[in-house]
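Worksheet: the structure to be examined is printed underneath.
The values are calculated or read from the model by the stated rules, or taken from the named source; none is laboratory data. Predicted, not measured: the structure shown is a model, and the values here were computed from it. In this analysis, Cβ positions are derived from the backbone assuming ideal geometry, glycine residues included, and neighbour counts consider all displayed protein chains.
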Amino acid sequence: MRLRGRTTELRALSRLLDAARAGTSGVLVLRGEPGIGKTALLDAAVAAATGMRVLTVTGVESERALGNGALHRLTAGFLDRRQILREPQRAALDAALGLGPGRSDRFLVCLAVLTLLTDAAGDVPLLCVCDDAQWLDHESLQTLTFLARRLDADPVVLLFGVRDTDPADRVPELDGLPALRIGALPPADARELAVEAAQGRFDERELDRVVAESGGNPLAVRELATEWLHARGRSGDGVPLAHRLPMGRALEDRFRDRILCLPEPVRVALAVVAADPTGDAELVTRALAGLDVTAVSALDAGGPASDLLVLDPVLGFRHPLMRSAAYSCADEPTRRRVHAALAAATPDADADRRAWHLAAATDGADEAAAAELESAAGRARDRAGYSAESAFLAAAADLSTDPELRAERRFAAGVAAIRAGMPERADAVLRQVPSGAGAVVAQSMALARGAAALQLDRIGEGMSLMLGATAGLAGLLDGELRRQVRLETLQTLVMVPWLDPPAVASVLGEAEPPDPDDPVAVLLQGHRAHLIDGSVAGLRAVVDGSPGTLPADVVTRWAPLLSATTRELLDDRAMDDLSVRILAAARSGGAATTLRSALVSRALTETFAGRLDDAEVHHGEAGEVAAVTGGAPDLRRAHDALLRAWRDDGDGVLRAAGALPPAEGAPVGGAQVQLVRTARAVLALGAGRYADAAAAALEVYRDDPPYWGHLALPDLVEGAVRGGDRDAARAALDRFAVRARGTGTPWALGLLARSAALLAAAGDAEALYREAVDRLRGTVVRTDLARAHLLYGEWLRRRRRRTDARRELAAAHALFTQMGAPRFAERARTELAAAGAATRPAADRPAAGRPELTPQEHRIARLAAAGSTNSEIAAELVISANTVEYHLRKVFGKIGVRSRRELGAAGFGSP
């Protein structure tokens, strides 16, 4: 069928298909109102995909809670290739699709599907079409949109069709992907379509009316023209159209009117098809037999519903609005009968879907159905993740007969939604506290509501709820449970943009006798002492020895608090080791919020270490996870400010500052606020704007916030000394000296020596600078080492020791250049030139070790130089092996090497 008025859209689709045939991936989201032609364009792409393998899936509203349902249907055609997957990937995919035991892992599933897709595309280019994406289940949509951002050098095209006129249908996971809005047909094309639908029997007046009233919506044009034709057939003459045909639900009402005119058995059969998302004709036939409806007479090709249905390759409706209309035409008793019949017809292997049908078949509370849904929730979590678990538990809560069970299930549903990164759903679920809920459950729900409110940037409300609930629970719980609740609250509040330290400290309770064998007790008492009197001895006990000695469950559960501990101690080795371990645990855990936090923590560690390319990759992945999961705000928003400062990206620092929520009366800036302020100081120092640097760092000094107050103190010393405010510099140095000596780590003592040298008398300064360089050389923190070389070199040059100055400044320049910190590198180059060295501005030549490479290319090159295979690199970065090879070829061409063996000599060895 020829599509009228869609030349631009068809060309865009054709370009994507041609690119895939040439070996390049492509993604496009078609957006528009119902009936505007998205499905027709997707069908046209399928028809044009000659020489390609085509996979299609359509979202079904009733299936949205059944995690991975759409993914199962989409991948069914190449599951026989699973033997190519590594065992962890295969096991995760089998668990996700209900093909094997165990617990699914979202990112292993993503990598498994990516591997299967690209492997299949190695035989023949692949077109993957997802229509009505707004109704795809959350987990399938997560996987597909994550893949859409990972495909690159593979012959795969991903097309999505999504309606976006109703706010309820918004799909934030698709934001940021290439998109094309489908608009109304031009009037001339709408006229041609109307004439065709009315079999050429329009007169000009009525034709003009149809075109005008349809608004150029192709489905509306056909429906109005068909209505006019039927009316003419009944009366012998056309009838005037009463009013403009609205889109969306009103158009669905017109389908309802048509369906209501059909015989009752046909309406029941259509309701069964509408309630079943699988498109399995045999399943529908069994269900209809249970309802005493003959499927052949109701649904055959020549029957009364043939203009509504598609019978091949799967049983479904010609348009999604027809499905909605068919389901809504059935009254409540009929819908319950339909779902009961589908439950009876669903095989044991699909127990989750059967439980969902049983719930829909239930009239009122039913504890047996609620218990089955609760049981299914555990399977759904293992198979699909926390979002599916939340949906099942919320449905179980609605059917519960016991108030306490209802409250417990609703609480569990809210917690699962928070872990899935869906705070809006969590907030809605947790607000409905059932009467009769026990005190512990009610307070626990308030605590979870506070966590959801914080994710939604309702800072004041979130802190108030969490502090009140924590205090309430402390009086109801004993021992280990009470400690865990207090730590949960502390860990959450440590990461908020604004906080009230005395209020936070107030919920930590009285000091308890130390128990060195209980890491949770050690963690709580260490942070209690630190918040109340600034002591770091308890924090030191948390990470004594090595983070590797901490139990895995402790690392996973208390990751943000442990990360804050290592930063507060300025323990670079523990911080580096712990962030690696936390990220590995998060990748295998499947919780979106945990993974985002772990990625951000690792990126921050890499920023301190001067591995700015790696930090950029991890910040980018954190953003992709946030975009995929939707709901919660992007947790990178201020945490990448420090990276942007080192990159000399002033606009990026400003964006981070602008993304911070208002203080809501909280007296002290928290993690995100202090990181932005520290980033502003670093940005100004790189540019030599010392007064601006001191002003930004002074804000941190005045707040003196827990966990972040010391990071900007060395910046304040440098900015204030160079800006002429030695009193401010001395005050900052005095405060930092107490903390650095308390921790005693090489990082802390190196920073202390560097800062003290700036204020020292001429006879004492050099020894302090040398001490700073020596101590920092033994750390992973190359940013601070490079700054120590720079400051020492500047000091030497001002004393006319040009040879010694050139040595230190050259070291600083090399480090800054290698890490990709252009403004600091230029500051070092300018000093080198003043010391008599021949140099060129950084803009005149590529950076050493990373000439014109993207962060992704640099990361791939470094992993390859370390000996990782393409498959191992693909697993690490969640991209395809083909994409790894594609980027390596680009790296080889850019830096002039011919093999992986030469990468190390080209500057891509381990830092």
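Odds and ends about this structure:
- Checked against the criterion of being within 33 Å of the chain's Cα centre (by Cα), in the same structural domain as G472 (by TED's automatic domain parsing), buried (at least 22 other Cβ atoms within 10 Å of the Cβ) and in a helix (DSSP H, G or I), the candidates L490, L524 yield just one match: L490.
- Residue among V314, V273, V268 that is among the hydrophobic types (A, V, I, L, M, F, W, C), assigned to a helix (DSSP H, G or I) and within 21 Å of L74 (Cβ to Cβ): V273
- Look at segment 588-600: where a residue is in a helix (DSSP H, G or I) and buried (at least 24 other Cβ atoms within 10 Å of the Cβ) and a partner is among the polar types (S, T, N, Q) and modelled with pLDDT under 80, sitting 6+ places away or on another chain with Cβ atoms under 7 Å, you get A592/T629.
- Of all the numbered requirements in (1) closer than 27 Å to G26 by Cβ; (2) at pLDDT 85 or above; (3) not polar (S, T, N, Q), L193 misses one, and that requirement is (1).
- Residue that is farthest from A360 (Cα to Cα) [pool: residues in segment 63-77 that are hydrophobic (A, V, I, L, M, F, W, C) and either touching a Lys or Arg at 6+ places or on another chain (Cβ under 7 Å) or surrounded by fewer than 20 Cβ atoms within 10 Å (Cβ to Cβ) (or both)]: A76
- The residues in segment 672-703 that are touching a strand residue (DSSP E or B) at 6+ places or on another chain (Cβ under 7 Å) and not charged (D, E, K, R) can be counted, and the count is 1.
- Restricting attention to segment 854-911 and to residues that are among the β-branched types (V, I, T) and more than 29 Å from V113 (Cα to Cα), the residue that is nearest to the chain's Cα centre (by Cα) turns out to be I895.
- Residue within segment 756-778 that is modelled with pLDDT of 95 or more, within 27 Å of Y701 (Cα to Cα), surrounded by 20 or more Cβ atoms within 10 Å (Cβ to Cβ) and not hydrophobic (A, V, I, L, M, F, W, C) present: yes
- One residue from D94, D132 being touching a strand residue (DSSP E or B) at 6+ places or on another chain (Cβ under 7 Å) and among the charged types (D, E, K, R): D132
- Residue match in segment 452-459 (condition: surrounded by 19 or more Cβ atoms within 10 Å (Cβ to Cβ), within 31 Å of the chain's Cα centre (by Cα), over 22 Å from V555 (Cβ atoms) and among the polar types (S, T, N, Q)): yes
- Test: residue in segment 419-435 that is within 23 Å of R353 (Cβ to Cβ), assigned to a helix (DSSP H, G or I) and of a type in the set (V, I, T): yes
Per-residue answers, yes or no, for (1) within 26 Å of the chain's Cα centre (by Cα); (2) in a helix (DSSP H, G or I):
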{"residue": "L41", "(1), (2)": "no, yes"}
{"residue": "L55", "(1), (2)": "yes, no"}
{"residue": "L71", "(1), (2)": "yes, yes"}
{"residue": "R81", "(1), (2)": "no, yes"}
{"residue": "A95", "(1), (2)": "yes, yes"}
{"residue": "L99", "(1), (2)": "no, no"}
{"residue": "R103", "(1), (2)": "yes, no"}
{"residue": "A112", "(1), (2)": "yes, yes"}
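- Condition check for R31: surrounded by 18 or more Cβ atoms within 10 Å (Cβ to Cβ), in a loop (DSSP other than H, G, I, E, B) and either of a type in the set (D, E, K, R) or in the same structural domain as T883 (by TED's automatic domain parsing) (or both): no
- On inspection, D727 passes the criterion of being assigned to a helix (DSSP H, G or I) and surrounded by fewer than 16 Cβ atoms within 10 Å (Cβ to Cβ).
- In segment 357-385, the residues that are over 14 Å from A65 (Cα atoms) form Cβ pairs under 6 Å with partners that are modelled with pLDDT under 90 and charged (D, E, K, R), at six or more places apart or across chains, as follows: D382/R103.
- Single residue of segment 214-235 satisfying the filter (more than 20 Å from K38 (Cα to Cα) and not hydrophobic (A, V, I, L, M, F, W, C)) that is modelled with the highest pLDDT: T226
- The condition of being in contact (Cβ under 8 Å) with a residue 60 or more places away in the chain and closer than 25 Å to S62 by Cβ holds for only one of L174, L180, that being L174.
- Among the residues of segment 170-190, those identified as modelled with pLDDT of 85 or more, surrounded by fewer than 18 Cβ atoms within 10 Å (Cβ to Cβ) and part of a helix (DSSP H, G or I) are P187, A188.
- Residues in segment 335-349 that are in contact with a helix residue (DSSP H, G or I) (Cβ under 9 Å, 6 or more places away or on another chain), within 20 Å of R73 (Cβ to Cβ) and surrounded by fewer than 19 Cβ atoms within 10 Å (Cβ to Cβ): P347, D348.
- L473 vs. criteria buried (at least 17 other Cβ atoms within 10 Å of the Cβ), on the phi < 0 side of the Ramachandran plot and part of a helix (DSSP H, G or I): yes
- A814 vs. criteria surrounded by fewer than 20 Cβ atoms within 10 Å (Cβ to Cβ), on the phi < 0 side of the Ramachandran plot, within 40 Å of the chain's Cα centre (by Cα) and assigned to a helix (DSSP H, G or I): yes
- The residues in segment 872-887 that are free of Cβ contacts under 8 Å to residues at least 60 places away in the same chain and surrounded by fewer than 20 Cβ atoms within 10 Å (Cβ to Cβ) can be counted, and the count is 2.
- Residue ID - modelled with the highest pLDDT, chosen from residues in segment 413-428 that are among the hydrophobic types (A, V, I, L, M, F, W, C), closer than 20 Å to A439 by Cα and surrounded by 24 or more Cβ atoms within 10 Å (Cβ to Cβ): A413
- Count of residues meeting criterion [more than 29 Å from A584 (Cβ to Cβ) and not aliphatic (A, V, I, L, M)] in segment 890-911: 7
- Out of D105, D80, D43, sole residue that is surrounded by fewer than 21 Cβ atoms within 10 Å (Cβ to Cβ), of a type outside the set (A, V, I, L, M) and modelled with pLDDT under 90: D80
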